[in-house]
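The block underneath contains the structure these notes are about, expressed in C-alpha cells.
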Amino acid sequence: MEFIVEQGKRVHEECSTLILPALSIGNVGQLAVDLLVSSTAAERVGYLDDPNLLPCVGNDAYSPLGDLALPLEVYESSSSATTLAQQRSPVAKGMMIKFAENIAEFAATSGKKDVIVLSSLDFQRLHNLDMSRGPQVYYLSNLENDGRDEHCERLGFGRLGEYDPEGRCWKYLSSVFEKNSKEELTFPSEDELEDIDYYPSLPFAALFSAFKARGLKVTCLLCYCSEGDNIPDAFLLAEAASKLTGLSPDKFHGEEGGKWRIPYSWKSMYGAPPDMSMF
C-alpha cells in the first residue's frame, strides 16, 4: 500500500486519530464517514493505492465541482486532530487479510495512536432486541481482553457480547497478524462456518485484529441494520464516533450554523422523487 500526498497538500502530524469504515451490509460505515468528512470540512490530503482494492472512480461526494473520487481517500480535519479514510470500493475476494495488514501498517507508520472502525451488522443476527432503548450502538475495544472499554460503557454503548477471543476464528485472526505467533490455525471453509463465526468473518474483525497486532488502540463502533435507506444508521454511527472522540456537532460546518452538513452526493442517493401525476 502506497500513500500518495496530493500536490500542494501536507500531512498534519497532530491528526493522530484515524476513523475509517469497514464495508458491510447497508454501507453504513461509509455513509457515516461521508457525513463526518462533510460536517468537519475535512480536506483531502491524498489517497492510498492498494492492489487488494477493486479499482473504481466516481464523482466528488462533497461538491459538484470537486475532484474525482478514488477507491481509498485520506482526509484530514486539523481542527479536530482527526484523519478520515474513506473506502469506496470493496476488497478483492480472499484479500481482506492482506488489505487489513497494509492499512494497519499505514496507520502505525504515519503516527496514528487511536483507530475507530465504523461498520454494520445484519439485523437478522440480533437476538436480544430491546425496543425501549431505541437504536443501539455496540462496540469492541482492545483495551481489555474481553473487548470491554469503560469509556464506551459510560457513553451508553453496548459491548459486542458475541466477541470471544478464544473462539476459533478470532484466534485465527490473531495468529495471522501476530508475527511471533507459533499457532498454525486455519479459517473454516464456507461449508464449515457456524452462527458464532459470522462476526469474525466480517471485514471489521480483520481490521480490528490487524490494528491490535500493531499495538494501536482500536475501537469498533457497530450497529445492526438491514438493506434500504440507511441514512438514520449513518447518523447513529457518526454521532457515536463524535462522542468517542470528544467532537461536538455544535462546532461542525452545517448549513444552519453548526450541526451536521449533509454530503452533496446524498441529494441523489435514491434518485428523483416519484412523479405525483401518477397518483
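Miscellaneous remarks
- Pick from region 249-279, criterion modelled with pLDDT of 70 or more and of a type in the set (S, T, Y), ranking: least open to solvent (accessible area, probe 1.4 Å): S265
- Checking Q86 against (1) open to solvent by 20 Å² or more (accessible area, probe 1.4 Å); (2) outside any loop (DSSP other than H, G, I, E, B), the condition it does not meet: (1)
- Residues in region 35-53 that are open to solvent by 40 Å² or more (accessible area, probe 1.4 Å), over 23 Å from F235 (Cβ atoms) and among the acidic types (D, E): D49 alone.
- Looking only at region 191-248, and only at residues there that are within 17 Å of C169 (Cα to Cα) and outside any helix (DSSP H, G or I), the one that is modelled with the highest pLDDT: L202
- Scanning region 213-225 for residues being open to solvent by 60 Å² or more (accessible area, probe 1.4 Å) and at negative phi gives a total of 2.
- Search result, residues across region 97-126 that are open to solvent by 40 Å² or more (accessible area, probe 1.4 Å) and out of contact with any strand residue (DSSP E or B) (no Cβ under 6 Å at 6 or more places or on another chain): I97, K98, E101, E105, T109, S110, K113, Q124, R125
The values are calculated or read from the model by the stated rules, or taken from the named source; none is laboratory data. All of these numbers come straight from a predicted model, not from anything done at the bench. Here Cβ is always computed from backbone atoms with ideal geometry, including for glycine, and neighbour counts include all displayed protein chains. Side chains included, ligands, DNA and RNA excluded: accessible areas come from the protein's heavy atoms. Shrake-Rupley method; radii C 1.70, N 1.55, O 1.52, S 1.80 Å.
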